[in-house]
Each structure stands twice: as C-alpha cells, then as structure tokens.
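Here the structure is laid out as structure tokens; the discussion comes afterwards.
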Amino acid sequence: MEAVLFGITAVLALAGGVGVVAARQPVHSALALLLVLLSLAVDYLLLAAQFIAALQVIVYAGAIVVLFVFIIMLLHTRSGEGPRAGAGLPRAGAGVLCGLFGLALLALAAGVRETAPPPAPGFGTIQDVGRALFGRYLLPFEAASALLLIGMVGAVALGKRLRPAGDPSPGRPQAPPAGGPARAR
Amino acid sequence: MRAAILIPLFPLAGWVVNGLLGDRWGRRAVAWVACGTVVAAFAVSLAVLARLLALPPGARSAAVVLYEWIGTGSVRAPLGLLVDPLSVALALVVSGVGALIHIYSVGYMAGDEHIARYFAYLNLFMASMLWLVLAGNLVAMFIGWEGVGLCSYLLIAFWFTRPPAAAAGVKAFLVTRLGDVGFLLGIFLAFAVFGTTDFTAMARAAGSRLPLGGPAATALALLLFLGATGKSAQLPLYVWLPDAMEGPTPVSALIHAATMVTAGVYMIVRMHAVYLRAPLALDVVAIVGAATAIFAAAAALAEPDLKRVLAYSTISQLGYMFLGVGVGAWSDGIFHLTSHAFFKALLFLAAGAVMHALGGETDMRRMGGLAGRLPATAGAFAVGALALAGIWPFAGFFSKEAILSDAFRAGRVWLWAVALAAAGLTALYIARAFALVFVLPPGEGSAGPAGCREGDAPRAAGHRGLAPGAEVADPPPVMRWPMGALALLTLLGGALGWSAARPGVLARWLGPLLAPGALRSSEGTHGSEAALAAAGLAVAVAGIVLVWLVYVRRALRVRSQAVQTVLAHRFYVEDFYAAAVVAPVRAVARWAGGFDRAVIDGAVVGLARAIGGGGAVLRRLQSGYLRHYAALALVGVLALLAYWMWR
Amino acid sequence: MSVPAPYYLGLSAVLFTLGMAGVLVRRSALIVFMSVELMLNAVNLTLVTFARLRGAVDGQVLVFFVLVVAAVEVVIGLAIIVDIFRSRDTVDVDDVDLLRG
Amino acid sequence: MPGILTALVAVPLIGAAGVALLPAGRVRAVRAVGLVTTLAALALAAWVWARFAPGTSGLEFEERAAWVPAVGIAYHLGLDGLSVSLVALTAFLFPLALAAAAGQVRDRVKAFVVTALLLEAGLLGTFMAQDLVLFYVFWEAMLVPMYFLIALWGGAGRAGAAIKFFLYTMAGSILMLVAIVAVYLGSAAGGGAPTFDLPSLLREPLGVAPGVQAVLFAAFAVAFAIKMPVWPLHTWLPDAYAEAPPVVTVLLASLMAKAGAYGLLRFCLPLFPEASRAFGPLLSALAVVGILYGGAVAWAQGDMRRLLAYGSMSHMGFILLGIFAFDVPAVQGSLIQMVNHGVSTGALFLLAGYLLERTGRARTDAYGGVAATAPALAAAALIVVLSSLALPGTNGFIGEFLILVGTFQARPAAAVPATLGTVAAAAYLLAFVGRVFHGPLRDDLRALPDLRAREYAVLVPLILVIFWVGLYPQPLLVRSEATVTAVLRRVAAAHGPAPRAAPAVGSRAGGGERTP
C-alpha cells in the first residue's frame, strides 16, 4: 500500500519537476510546481509527518503558489523569456554539471540505512512538533516570527518604492533610461 | 662660592626681562638692564676672585653643585660649577670685556628699533659664555657651548631681513655644529672611559684611566679638538667666521673676537690633563694652530673689507693660541687669549666707530684719510693694531712672544718659523688696513665692487661711504669710553704675563691648577729669550715698514697677478667646500627626496596597483549574471563532495 | 516504513537536480524562482525522511523553519522581481547584471 | 570596582557622548564641552602622574576584571614607568589640540570633537592596557577615529592619504593579531592555562621555538614600526601628515607615533628578549638610516608640513636607536624623547598650522621675513625649533643626549653616524626658519597678524614644558628608571652577560667637594 502510494507520488513529483523546469509559460511551471508540492505532501504523510504535510498544503500550495500565479498574472505576457541575450550557460555544460551532481547525490542516498522501526505513537503530530517548537526551539521560533515581520515590512517597503512622491502614474511600463537603473539600484 | 652662580644668572635674568618686556619699555630701561646685569656679573666675578685670593693657592678650587640635572643608569651629569683660578680668570675677561662692549653698544645701536631684542640676545650670550667657562663638567659646559653658538647665530642674523645675514647665521650654526658632533662624541667617550665628565674627577683619573699615547686618550683629545676647531674657527672649519661679520660690529667684537671663539682654547686648557696623555693629539693641535695662523694671516692680506680683515686676523690669532696650548704652554695660551680679547675688541670697536661715522661702510677702498677727521678712533685703532702686530710695549707683544718662544723651546722649530712668518704677515695686513683707512687719501684702493656694507641700522651719518664734505666725526662718549678703557687694557695687559722673572702673574695664578706642559723640553736661558723676542719684533717692524714702502711711499711694487687672485679667493677653500661638501650633500638630499617618492613609495603604490590590477582581472568573474554565480556555486559544491567522497 | 529511505532520498536528489538545472538554464526570473522552490522542497523531503529514520522530531522542526524562510523569501523575491520589471520592463535574468563587478 | 584608570578612559567617552547629545549648531557649547572633558582627563592624568611612586618596576593603579574568562581575556589596566608619562603627555596634548582646532576646524565641529575624544580614549587605553587583546582593541579603536579625522577634515588629497594610512597600519595590525594569538597558544607550553595577560605572560619564558619567536617578534615589530614609522615603512607619513588638518597632524605625530615606540618597549622587548637581541643590530641600522635619510629628505622638501614630517621621522629614528641599544640611559633617553618629540613636534606642527591658517600657503618659499611682522610667532617657532634640534637646556637635548651616550656604549658604530643626524636636524630646521621667518619681508605678508591670545594659551604650556624638561628632567627619569632597568635585565638575561655599567670616577654627584 505504502509502496504503491510512494510510486504514484514519486512519478507525479518527477513529472511536476520536469514540468517546472521545462514549461515555456511561467503559469505552466506554477501548475507543475503545485503538482510537486501536493505529491510531496502525501510523501510527508507516509513519513509520519502529519503537521508538515498540512503545512505543505496550506503554506506552499495555498499561499506561495497562489502568490506566484498572482504575480504571473500581474506581469502578464512579459513574464516569459525574451530573445536569448547570449549570456547564458551552454546547456550541455549545465547538463553535465547537473548530471554529475545528481549522480553524486544518488550515490550518497544509496549509502543510507534503509529502514527504521515504526515511530513512537504521536510522532510528527501537531502536539509533538509544537512541543519541540515551544520548548527547545522557542528562541528560533520567536526569531522566525521576527523574520516574517521583517519580510512583511520589506515587501511593503519595496512596494512603496514603486510610487515615489510626485509621480502620479502607478507604474512605468516604458522606463525612462535615466531614472530606471538608478532606482533599481 | 655659591655666589658664583650669580655670575651667569645676572645676564640670564637680563635676557628674560628684556626678552619678555623689552619691547614695552623705553630704550633707556633696556640699556640699563642689559648693561647693569653684565656689570653686576663682573662685580660678582671680582668678589669671587677676592674670595679665592683669600685662600691658600692649593685650595683655590671649589665645585658648586646646583642639582642633579641628568641622572639615569650610569650617566650622571649634575648642573654644577667649578670655581677655580682658570674659570674665574676667564669669567673676569668675559664679563669685563662684555660689560665694555655692552656699554659701547648703547651708542652703536642707538638708531636700531630692535634694541630690546639685541640686548636680550647679547645678555643671553653673556650668560651662556659665563656658564661655559664656569661649568663643572663637560655636559654642563655643553649647555654654554651650544648656547653661545645659538647666540652667535641669532646675532649674526640679527638683521635677518638681509639674506646674507640670515645665510651667514645658518652657516655659522651648521659649521660649528659639525664640530660639536666631535665634542658630543668626546663627551660620550669620556663617559665610557671615566664614567663621569666632571673636570676635577677626570683630571685626577686621567693618569690611571688613559694610557699615555693610547688610542682612548688620542681619540678623546682629537674629538674634543674637533669641537674646538668648529667653535674657534680653526682649519678646516674656520669658514663661518668671516661671514659672521654680517652681524652688528659690537657682536663681532664680543663674540667673534674676544670671547666665544676662544672657548676652544679654554676647553683644551680645561682638559689639559687628557691632552697630556695624548702627545699625538697635542701635536695635531699645535700644527693646526700654526697652519691656521699663517693661512688666515695670508688670507687677510688681500681682503678689501675692514671687518673681514679683522675676522681673518682673529682666526690667525686663535691659531697662535692653539699653537701655544699645543706645545703645552697652557697659561701662555690663556695669556694670549686675554690680551687678544683686549686688543681685538678694541680694533673691532674702532672699526665700528669708523662704520658708525660712515653710515655702515666697511669697504676699505671707499675710505681713506680718516685720521684727521676721527682722531680718537684712529688712536684707538692704532693702539690695537700695534698690539696685534706685536710691537713693544703693548699686550700683544708679550703674549705673542711668549707663545713663539714656547714653541721654539719645545723643540718645534718649524712651527716657530711658521708662526714667526705669520707674525710678519700680521704686521703687514694690519698696517695695510690702517694705511687704507686712516692714512692714504680716499679712493686710493680703486673702488671695487659694492657690497661690503654692514646692516642698514646704524645709520648715524645717514649716507654711505665717504662723501666729500660729509660730516664725519668721532663717536659719542658712550662709545668712546669703552674704547679708551680697552686701549688702556691693551697698553697694560702685558703686565699679566711678563715680569722680570717668568712665570708672570697669570701663570702664577693659574699655576697650581695646570700641570706643566710635558713637551717643554728645556728652559731657555734669558739670553735666548731676548733673542727670540728681538726676532719677533724685527719681523713685525719689517712688516710695517714694508707697508709704508708699498702703500705710502710707493717705493715698491711687488704685485703678482697670480698671488693676488689666489689671495682674493682665500686659497679657494670656500669654493672647495661649496663644490666638495655642500653641493654633494644637496644633491644627495634631492636624490633621496626623489628616491623616497619614486622607489619606496613607488613600491607601496606599486603593490596597491598590483592588487588593484588583480582585482580588475578577478572582477571579470563577476559577470552579474545569476546563472554564472549559480554554476560556480555548483562547481564548488561538486568539488567539496568530491573531496569528501575520496578523502 | 515499507519503502526504504534511499528511495525517498533518491526522489529528493532528482528533484533537487531538476531544480538546479532550472536555475542554471531558465532565463525567466519567475521560473528560476520556482526552481529554487523545487530545490527547497527536495531538501525538505530529505529532512523529513531523516527525521523519520532517526525517530527524532527535530528534522520536522527544521522543515517548519525552512517553510517560514521560504515564505519570506518568496514575498521579498517576488516584490523585487516586480520592482525590476517595473523599472526594466523584463524579468529575464540575463538582462539584469547589476552585480557585474 | 572601577578605579582611576578606568575613569581616565571613561571621561573622554562620556564627554564624547555628551557632545553627541548636543545640537550640532551650538558650536561654542560643543567646543566647550570637549575642552572641559579633556581638561578633566588632564586633571586625572596629572593626579595619577603625581601619585605614581618612582622606584618601582611593577604596575600601579592596577585594575583587573574578567572579560572573557573562557579564553583568558581580562580587562586589565595598569601603569608603570613606561606608560605613566605617555598617559600624562596624551592628556596634556589633547586640550591644547582641541583649543588649537577652534581656529582650524570650522565645519562639522561636533563630529570632530566627538571623534577626537574617541581617539583620546583609544590612546589612553592603548597606553594602559595590560592584556594583549585589550591592547589590540584599544589599538584599533585609535585607528578608526584617526582615519575619519584625516578623511573628513583633511586637505585636497585627504581621501588617498587616509586610505593609505589605514591600509598601512591595518596591515601591521593584522600581523600583530596573528602574533597575539600565537603568543596566547605559546603561553600554555609550561602546562598552565593559556592567557593574554601580559604580566602573567612575562612570569616565565614563552614556550615557542627560537625561530617562531623571531617570527612573532617581527610581526609585532612591523606593526609598531609602521606606526612610528621606521624606515622604510614610512611612506604613509608624508601624505598623512601633509593632508591631515594641522591639529590632527599634531595628534598623529605627537601621540600616535609614540604608541608604536611604546609598543616596542612594552611588548617586543619583554616578550621576545632573544629575538630582540637578534634583531637589535638590524633595527639600530634602520634607525640610523631613518635618522639620516629623514634629515636629508626633509632638507629637500618645499612643503613645510612634508619637511616637518620627514624631520619627525628622523627624530623617531633616535627613539628607535635608543630602544635597541639595550642600555639603561639609552632607553631612558628614548622614553623621555617620546615625551619631548610629542611636545616639540606637536608644537612645530601647531605653528605650521598657524601659518597655514593665516596664509593658506604650504610651501616654505611662499613665505619670507615673517619674523619682521610676527615676532612672537617667530620667537615661539625658534624656541620650538631649537628644542627640536636638541639645543642643551631644552628638552630635546636630554633625550638625544641620553640616547646617544647610551648607544655609544653599546653600539658605537651606530652612535657616530646618528650623532651626525643632529647636524642634519639643524640643517633642515634652520632652513625652515630661514625660508619662512628670515629674509626680506614679502609684501603680501605685511598684514600677517602675530599670535593671538588663544594661540598664546596653546603655545605657552608647550614652551614651559620644553624648558622644564630641558632643565630638570629628573621627575620623568626617576619615574621610568626602575621599569626600564627591569625590562633590560630581562633582555640581558636572555643570554649573554649583563650590560656593562661604566664605573664612575669620584663621587656619584660629580666628584668635586661641595662648598657651602
């Protein structure tokens, strides 16, 4: 049962992964990413990590992917790739590098002890993770909350920069050559 | 004896007071303070002399330690005085002549607006010089030694807005400082040898610490003598003294004739215990002295500038003194120092009176026939000139003859011959100067190039040179009286050294202090003494007669163009120094400046450039493209993985 | 656990490599970004696997933090992408070389 | 319990904080608070200096508190004969510099005062720290304010000069940091716990191989030599001295350079006695080269601050020479010369600053006859110049004389050319006086004002110190004698016989009988 489930999710996740990388349109990539995320959520359940699986669905699939899609819609057609600028890496070179790297990872993975006894009851539940979070990891947890706040403030600040005082137009589709790069810096 | 400290302290107080407040006071107050302090120093010296006279001859030496000045580790140098016959004799000469010249200066500098500065410097000089002669050890003496050098610099460059004066001051300071390097090294060596520089302690220990003729004694004596050649303007460091005549004439009289330049002679006499252990060094002293005597006398022959004639004369006479101490005639060296102080100060003051009358003119070719118009000045100059030439019965006769006979009796016949020839030249140049200034009609010496003129300040007559019909008169009493006093001293000074039976008063006074010169081989008979004196006198008279024949009667014309040229360039010594010392040093300094910029800093800047260049190469890696960074990171990760897997 | 851990880790490795290839090859900033998310998820899978293998919950806690960081990163990153798009009218990473030395 | 030394460091910091709280526009208040702060530090330092018991070689006013006990770092302050006079000098010069700055620094006054006070705290801490890490912290704390003082208030080339200065000194500091860690590790060789505490380190020889000791010595020595600076590591100096505002140059030349010389005495000699002896001849040779080379280059300079900068370097050569003569009088001379150089060179740069302030001209040939229109300025300059060329009766003579007399006993071959350096000093300094103050008065200088009351207030204390040290240096000498003797005994004990003391002839005070 578990093996079957893992096989299905693995295939779906791999397909999604290839989709993310290979899709021409960003929105297709986003959908493929969603597929990967959901498949992995199932795997987390298989690995006795209910809380993480739930978070995966809520935060990743629910929030992050939605955000991506939102931005893709915002940027509309220009979110794709332009004509090749010539600065890219040779695809073959990238392929070789990635292949080598993947093989190395697989070799490492193959060396790992194969199985473990069934976990203690309650392992990976929300209570279990929560106890760790509010116990031993209280300080990092609080720091994470601060980080979230900083991220929020940062996003707001970046968003505000788009509309400087005295500039009535919300955006500048045709950026003037002088001001644009300076502002981006 | 502690009162002796007041001798330098009085003028020092005068310096402080006049230096700080002089500009706010009137000129009279400044003059009174300046002269009063020096007269007070003279009075204290007399009192100390009286105290010493009251003691038995063997006990006339007292050390006065004020406080520990420098004291650390093995180096101890207290600030202390040594009051003994020698230092008191010198203090009397210095403060006495100094007081007269201070008084003379009141008249001479009457027209100068910086009189407060002038007298402050002069007082500082008196304090330094008195400290120099009274100091109880070499390090303390060095305070005075450098102090007089400083005042010499300040007073030569007194009219500092005139470039020649400023340059002459710097030259004097630097040349004497070059000699002082020797003096300093001598102090260091004295510390190494004796562990102290106290004069009495060194004199006591010289016999045991310094092997006779050993390298330590010779090195110490020669190093100190190097200091003396600088300060006393001997070969080869005499070059600053003629230029020093840029200063006011009373300064030339006091510092550059009567007192400071004799410091070297005093120092050698003070250190005679060391010199006695170094016969070689004594020979060097005597030879340098004799050579300087004849060289400077010859250089004075063709000099057109009155003050520079006197300057070369001073160098020459100092050579006599060194010849004297070089043959071990300590007290005769001091005797000539004293009589020279009298007559040379007199000559300078008389020359100053001439200049005062002529608005600062010093070129003898623009003078002439002044005897009638300046009778008192001419008389004073004549007295000084006769003493300088060594004519009986003036002081110079006795002291010079003493040195000549010492040299002869010490077996240094060659040196005696040289000195005798120098005596003839001396009579020649001073008689020539007298003739040009006072006897011959004006314009006799063909108007040469302009430029022999003292500072613009003493402008009594308001014009320059001897203008026909100008009002030329003897100086005011405040200047005449010191000249009279010095003339009197010049007349009577011989009594200090000459008596029916030698040794004279001065020699007996200094006697207990000074070990007899080791080099005096044989006491001459009275007859040979008289013969020597007659020889000296004959040479002097011959010189004067020759001048009379050449310049006044024009009976003789012995003029060689080559000799003239060589004399006019003073044997090219200065040109040699300019080419062989000054120019190379200047070139090295410039080269070092360029070297510092180009090579040392260049190396540093080059390193910075190299790092910058390396950075410029490496920055190509920073393409700015995200994927390049990612790929590089991936390569790095792969390398790490490979390392872990195969390690 | 009936599926041996190396399978999970192998899946994670392949996903990570795919994500990396995306970062290296794709030029659209959005897709590059999504590839990064893919890599993060691969790492998360590894962490969860090892947490299960060791029977310790710490790996899962770490995943929690990765999630937090990823969320923040996405927020900021997307804001920056939008900003760049507004000023340069493109999201192609090859058009942006502000880091060039 | 914080003691007086902590207070000494804290006072400038508190003052800096106080100034920082003032509104920047209230320039007079800012200057007043700065001046009062430095005067308070001066009062503390004077008290410490007066209370310092001469004749002891150990630390006085010691304060110790654990800082990072895990690795043996402590907050450890103390004063001994090496440092007490330098602390007093630092506290003495800062009020004068701030007072002089009132005429020269007119923009960003508040920032200037704050930075200067931070620098004072760094300097005082550097001279008092007895823990290697604490020393390093103060050492670097002094570098940063100085960088800003040059870079923000300097002349046209200030940016380059400041960077050059910073990189140069930083390069040395990094070497020293590595060496400090190595010393720390080496201190555990005897079996005890490793420590950064200097007195503890000195209790037993450092457990490192002789070769390693030489490397460590070199690392320390290079850091200190750059700061002094020693030829040929000096090329930051002319740029920094010439580009910094004159008062900052005063601080650079008078105090910062001393930190280098002090470090040599405080760390290099006691920590690495064998290496010190081995490197002694080399450093003496560099000192002699520096003396003569600096003098020659100074003579060829047309810019007066560059002239004085090379002259300052030449004088620092004497200090280096004295330190590595390993002879009590010579090292005593070096210590006293540090104070003298601080006073005299500081005064020279102040005077150069006054001239610049009046005319804006840096080249000496742009002046002429200044003595005729500003006699008091000229007189002050002359006194300071004379002190700088070591005229007896002024402070400079005491230092150079002791250095040379001591060196002559230990290394005659170095002493003889070094003595020639006194002629070189006279040459370039009198050339400076001659070009600026003497000669015909230039028409465009006729209106040059003489010293003002504020400038008198700055110069008179300096001149008083010049004469005081010149005529009665014993208070300084007795304070350092015991410490110097102890340090040199350490160096001498490294190997070889004890330094030879020339037996004195006659009684100690100079032989002759005293008369009432």
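Each value in this text was obtained by applying a stated rule to the coordinates, not by laboratory testing. For clarity, every value in this text was computed on a predicted model and none was experimentally measured. Every residue, glycine among them, receives a Cβ derived from its backbone with ideal geometry; neighbour counts consider all protein chains shown.
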Query - Within chain B, helix-based [θ] at 222 nm, where runs of 4 or more DSSP H residues each add -39,500 (n - 2.57), nearest 500 - result: -21500 deg cm²/dmol
Query raised in the report: Looking at the stretch B:9-48, what % of the alpha carbon pairs are farther apart than 14 Å?
Result: 43 percent
Report task. Over all alpha-carbon pairs of the protein assembly as shown, lay out the pair-distance distribution in 10 Å bins, whole %, shortest bin first. Result -> 1, 7, 13, 15, 14, 12, 10, 7, 5, 5, 5, 3, 2, 0, 0
Query raised in the report: One-quarter of the Cα convex hull surface for chain D, in nm²?
Result: 24.8 nm²
**Report entry** Peptide B:572-582 - average C-beta neighbours from other chains (10 Å radius)
**Finding:** 0
Requested in this report: Over the Cα atoms of the stretch A:1-78, compute the convex hull volume and normalise it per residue, giving Å³.
Outcome: 63 Å³
Query raised in the report: Which order do peptides D:212-225, B:630-643, A:95-108, C:12-25 fall in by mean Cβ count within 10 Å, highest first?
Result: C:12-25, D:212-225, A:95-108, B:630-643
Query raised in the report: What whole number of Å gives the distance from the Cα centroid of the stretch A:13-36 to the Cα centroid of the stretch B:264-282?
Result: 107 Å
Query raised in the report: On average, how many beta carbons from a partner chain sit within 10 Å of the beta carbon of a residue in A:38-48?
Result: 5
Report task. Please report, to one decimal in angstroms, the Kirkwood hydrodynamic radius of the stretch B:124-203 built from all distinct Cα-Cα pairs. Result -> 13.5 Å
Requested in this report: Compute the normalised compactness of the stretch B:162-289: alpha-carbon radius of gyration over 2.2 N^0.38 Å, N being the residue count.
Outcome: 1.14
Report summary line: Stokes-Einstein D for the stretch B:109-168 (37 °C, 0.692 mPa s, Kirkwood Rh from Cα pairs), in µm²/s, comes to 268 µm²/s
Query raised in the report: Between the stretch D:1-33 and the stretch B:568-628, what's the alpha-carbon centroid distance in Å?
Result: 43 Å
Query raised in the report: For chain D, what is the charge dipole size about the Cα centre, in debye to the nearest 20, if Lys and Arg each add +1 at the Cβ and Asp and Glu each add -1 at the Cβ?
Result: 660 debye
Report task. For the stretch D:281-402, report the translational diffusion coefficient in µm²/s to the nearest whole number, using Stokes-Einstein at 25 °C, 0.890 mPa s, and a Kirkwood Rh over Cα pairs. Result -> 164 µm²/s
Requested in this report: Report the charge-dipole magnitude of the protein assembly as shown in Debye, nearest 20, computed about the Cα centre from +1 at each Lys and Arg Cβ and -1 at each Asp and Glu Cβ.
Outcome: 1380 debye
Report summary line: Normalised Cα Rg of the stretch A:121-162, dividing by 2.2 N^0.38 Å with N its residue count, works out at 1.71
Query raised in the report: Taking chain B, how much of its Cα-Cα pair set, in percent, is spaced more than 49 angstrom apart?
Result: 19 percent
Query raised in the report: Per residue of chain C, what 222 nm ellipticity follows from adding -39500 (n - 2.57) for every DSSP H run with n ≥ 4, rounded to the nearest 500?
Result: -27500 deg cm²/dmol
**Report entry** Overall form of the stretch D:117-182 per C-alpha gyration tensor (a/c, 1.5; a/b vs b/c)
**Finding:** oblate
Query raised in the report: Quick one: Cα centre-to-centre distance for the stretch B:157-215 and the stretch D:208-247, in angstrom?
Result: 35 Å
Report summary line: Of the listed pairs B:Lys171/B:Lys307; B:Lys171/B:Lys231; B:Lys171/B:Lys400; B:Lys344/B:Lys400; D:Lys110/D:Lys258, those with alpha carbons more than 20 Å apart are B:Lys171/B:Lys400; D:Lys110/D:Lys258
Report task. Using Cα pairs closer than 8 Å and at least 6 residues apart in sequence, work out the relative contact order for the stretch B:1-95, in percent. Result -> 30 percent
